[in-house]
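Right, one structure below, let's go through it.
Values in this text are rule-based calculations from the coordinates and carry no lab data. The model shown is predicted, which means the values in this text are computed figures rather than measured ones. So basically every Cβ, Gly included, is an ideal-geometry build from the backbone, and we count neighbours across all protein chains shown.
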Amino acid sequence: MLELHSISKTLGSFVMSNLSTKIDNAEYFVLLGPSGVGKSVLIEIIAGLTKPDKGRILWDGRDITLEKPELRGFAVVYQDYALFPHLTVRQNITYGLKAAGCNSKKIKTRLKTLAEMMQIQNLLSRQPATLSGGEQQKVALARALIVEPKLLLLDESLSALDINTRLKLRKELKQINRELNISVLHVTHDPEEAMVLADRICVMLDGKIRQVSSPVSLFRKPSDPQVASFLGIRNVLPVAKAQKGLCHTCEKNIYVNSADNSTSHIWIKPEEILLSASPFDSSARNQFKCQVVEIDRLNSLLALHIVSGKLPLTVLITYTSFNKLKVEIGKEVYATFKSSAVHCF
Amino acid sequence: MKKFHQYNIPWFELIFTALGSSVILFVIAPLISMVFATSFTDLTKTAADLQVIQSIKLTLMTAFFATAVSTLVGIPLAYLLARKKFFGRSILLAIIDLPIIIPHSAAGIALLTVIGRQSFLGRILGTGLTGTVAGISVAMAFVSLPFLVNAARQAFVAVPVRMENIARTLGASPSHTFFTISLPLAWRGIISGMILMWARGISEFGAVIIIAYHPMTTPVMVFQRFNDFGLSYARSVAVLLILICVSLFIILRFVSKPKDGKSINA
């Protein structure tokens with residue numbers, strides 16, 4: 001298990017302060033945050049390539065803060081793969097075993113296993129420059145895995161790939177994590193990637209950890225409006241006044257379940273807003289007459305942007321509902337949602 | 001009939017090409033004119049002259065020795081300057097460039113105070129390095145070392161740090177990483193620097209003549225023959241020397257040309 005205790009690092013104007021978290025054995029841990037937030041610096045600190053200004057790193061209870069990178073057993077895969085351009089794919093993959101002085105029999109056996117697992121047997125004699133992005137990524141992964149690392153550090157490793165290759169490699173990464181029982185720390189700025197891959201997600205903003213939780217609870221209960229905003233969550237609204245069970249926002253009163261004096265923002269979950277052409281009686285306590293102002297076509301859904309006075313809302317509906325309601329810009333609709341559909345920050 | 005401004009003449013390209021051509025002409029005109037002014041008979045006679053052959057051998061050998069020793073000590077320095085950020089780094093970079101800035105005769109005089117008979121070293125050894133092959137090499141190394149260090153430093157800078165980082169996390173020690181990743185990826189630039197230093201050492205006159213008039217390197221011989229026998233005697237030796245230097249530069253261009261698929265940035 002990897003433990004980070006109060007890690008701090010200042011690099012020019014960038015400040016990472018008092019960062020603490022844990023990664024369990026065989027866990028797929030995703031560090032999620034926007035670019036420039038210090039995710040890559042943290043990867044290099046964990047790998048031993050950069051020294052922290054303060055704090056301690058423990059592996060299975062042993063302090064490794066000052067241990068050399070070659071002794072840690074943590075392998076890194078970068079976004080640009082960093083394959084050695086003067087070596088063939090075979091030489092790239094076996095580099096770590098040769099550096100460790102392994103005999104040629106062991107090298108051959110491990111190479112064969114890894115090449116079969118990553119399905120790159122046909123690439124072994126090629127030069128890295130002749131490989132596609134996806135192939136380079138597989139080679140970089142094989143090169144990292146051949147040394148049987150205790151922890152695999154992936155620094156935006158899928159970001160440079162096209163969507164199909166990315167989806168394919170996501171599956172393979174998860175498979176590697178499960179089959180080899182290897183701990184993975186995956187750094188990404190893509191919430192969807194984090195959602196798909198992670199056992200737990202750690203959201204990092206402004207050099208600080210803001211939330212660590214399972215993917216489902218992160219997206220159901222973001223810890224604060226900034227986290228929600230980074231996750232691309234819609235309908236996060238500032239609260240002007242809050243009292244028990246009621247929030248005043250955008251000049252409207254909204255019934256909620258759990259508001260108190262400290263509530264500063266609410267989040268109305270878009271998928272829990274019901275849209276209708278006319279008002280109807282229901283147990284839902286919030287109902288607003290709205291006007292459609294914009295329509296965004298997503299993959300399988302539509303995002304309707306509607307307003308009720310100064311209250312802006314985004315509602316997700318299916319194409320079938322869209323056609324049934326005969327929605328068009330300027331049309332009047334009714335938005336209905338329960339108080340339980342409102343999350344308070 | 002079209003007016004003058006309707007011809008769409010690429011003035012920018014024309015002016016820059018004309019200015020650029022004048023630079024090229026300025027460099028090659030004296031060299032070509034000297035080669036053509038030297039008869040083939042004079043050239044073969046000079047090439048058969050034992051003194052000239054010995055002098056060329058001495059020049060090539062001392063420049064090679066200076067380059068070889070400088071490479072051993074210059075590469076670690078170049079690597080440190082490329083990779084490490086430390087206090088006084090910019091001062092060190094300026095110090096390395098000093099031999100290019102100062103007049104080479106002054107460099108020779110400065111060297112005399114360190115390796116001459118009256119120097120501290122000379123007194124300890126009982127004799128200085130003046131008038132010796134070693135002394136010539138020292139003079140050549142002093143004035144041409146910046147070419148090697150700067151070329152090697154730039155070559156190391158061009159190697160992405162991430163490659164070295166990856167090697168370290170795969171279990172390679174700093175020295176293993178240096179010899180298997182950094183050095184092979186930078187070698188083309190280093191070889192260019194070595195050849196540049198060798199060629200610069202061969203052509204050195206100012207510092208060498210202060211340290212050793214004898215044994216006579218080829219640039220000193222050109223000067224001596226010009227003084228004692230006149231232009232035509234000096235010219236054929238000069239042409240031979242220039243042919244050697246030009247050959248070295250052709251090799252330099254050849255080895256430093258990257259091959260497809262092996263370039264660092266590929």
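Cα-based radius of gyration for the range A:2-230, normalised by 2.2 N^0.38 Å, reads 1.01.
Assuming R0 = 45 Å, can you tell me the calculated FRET efficiency for the pair A:M1 and B:I100, based on Cβ-Cβ distance, to the nearest 0.05? Intermediate results must be reported in sequence, preceding the final value.
Working: r = 56 Å, r/R0 = 1.25.
With R0 = 45 Å, the Cβ-Cβ based efficiency is 0.20.
Ranking A:L31, A:Y78, A:M117 by Cα position along the charge dipole of the range A:1-135, where only Lys, Arg, Asp and Glu carry charges on their C-beta atoms, puts A:M117 farthest toward the positive end.
Taking label points 7 Å from Cα along the Cα-to-Cβ direction, B:L93 and B:W187 give a separation of 2.8 nm.
Hydrodynamic analysis of the range A:211-322 uses the Kirkwood radius over alpha carbon pairs. Inserted into Stokes-Einstein at 4 °C and 1.567 mPa s, it gives a translational diffusion coefficient of 85 µm²/s.
Taken over the range B:75-149, the percentage of Cα pairs per 5 Å bin, counting from 0 up to the bin with the maximum distance, is 3, 15, 21, 19, 15, 14, 10, 3, 0.
Taking the Cα centre of the protein assembly as shown as origin and charging only Cβ (+1 Lys, Arg; -1 Asp, Glu), how large is the dipole, in debye to the nearest 20?
520 debye
In order along the range A:80-88, phi translates into HN-Hα couplings of 8, 6, 6, 5, 6, x, 8, 10, 6 Hz, rounded to whole numbers, per the Karplus curve 6.51 cos²θ - 1.76 cosθ + 1.60 with θ = phi - 60° and x for Gly and Pro.
Over 23 Å between Cα atoms, which of A:K208/A:K338; A:K112/A:K174; A:K138/A:K174 qualify? Checking Cα-Cα distances, A:K208/A:K338 exceed 23 Å.
Most exposed first by the Cβ proxy, i.e. fewest other Cβ within 10 Å, how do B:I53, A:I317 rank? Walk me through the numbers before you get to the answer.
Values: B:I53 13, A:I317 22.
So the ranking, lowest neighbour count to highest, is B:I53, A:I317.
From its DSSP helices (H runs of at least four residues, each -39,500 (n - 2.57)), chain A gives a residue-normalised ellipticity at 222 nm of -8000 deg cm²/dmol.
Quick check: convex hull over the Cα atoms of chain B, volume per residue in Å³, rounded to an integer? It would help to have the intermediate numbers written out before the result.
On the way: hull volume 61.0 nm³, N = 266.
Roughly 229 Å³ of hull volume per residue.
Mean separation of Cα pairs under 8 Å and 6 or more residues apart, divided by the residue count, gives chain B a relative contact order of 25 percent. Tell me, rounded to the nearest percent, the portion of alpha carbon pairs in the range A:172-212 spaced more than 15 Å apart. In whole percent, the long-distance tail amounts to 45. Modelled spin-label separation between A:R62 and A:K171, with each label point placed 7 Å from Cα along the Cα-to-Cβ direction: 3.8 nm.
In chain B, which longest range has no chymotrypsin sites (Phe, Trp or Tyr not before Pro) that are both DSSP loop (not H, G, I, E or B) and surrounded by at most 10 other Cβ atoms within 10 Å? By the stated rule (loop sites, at most 10 other Cβ atoms within 10 Å), B:88-266.
With a Förster radius of 30 Å, plug the Cβ-Cβ distance of B:I53 and B:L25 into 1/(1 + (r/R0)^6) and report the FRET value to the nearest 0.05.
It comes out at approximately 0.35.
Ordering B:S173, B:V133, A:A160 by the projection of their Cα atoms onto the charge dipole of the protein assembly as shown, which places +1 on the Cβ of Lys and Arg and -1 on the Cβ of Asp and Glu, puts B:S173 at the extreme positive end. Helix content alone sets the calculated 222 nm mean residue ellipticity of chain B: runs of n ≥ 4 DSSP H residues at -39500 (n - 2.57) each, divided across all residues, give -25000 deg cm²/dmol. With the alpha-carbon atoms of the protein assembly as shown aligned to their principal axes, the span from lowest to highest coordinate is 118, 85, 50 Å, starting with the largest. Rounded to the nearest 20, the size of the Cβ-charge dipole of the range A:2-230 about its Cα centre is 640 debye, with Lys and Arg at +1 and Asp and Glu at -1.
Within the straight-line cut-off of under 24 Å between alpha carbons, the lysines reachable from B:K85 are A:K9, A:K39, A:K51, A:K54, A:K68, sequence neighbours fewer than 8 places apart in one chain being disregarded.
Residue exposure proxy: B:M163, A:M195, ordered by other Cβ atoms within 10 angstrom of their Cβ from fewest to most, comes out as A:M195, B:M163. Within the protein assembly as shown, antiparallel bridges make up roughly 75 percent of the DSSP beta bridges whose residues both belong there.
Could you list log10 I(q)/I(0) for the range B:79-207 at q = 0.18, 0.19 Å⁻¹, which the Debye formula gives when each Cα is one point scatterer? Taken in order of the listed q values, log10 I(q)/I(0) reads -0.98, -1.03.
Remind me, relative contact order of chain A in percent, using alpha carbon pairs under 8 angstrom and six or more residues apart? Write down the numbers at each step before the final one.
On the way: 688 pairs, mean separation 55.5, N = 345.
Over chain A, the number comes to 16 percent.
Straight Cα distances below 17 angstrom link A:K108 to the lysines A:K98, with same-chain residues fewer than 8 positions distant left out.
Applying 1/(1 + (r/R0)^6) with r as the Cβ-Cβ distance of A:K324 and A:K54 and R0 = 41 angstrom yields a FRET efficiency of 0.10.
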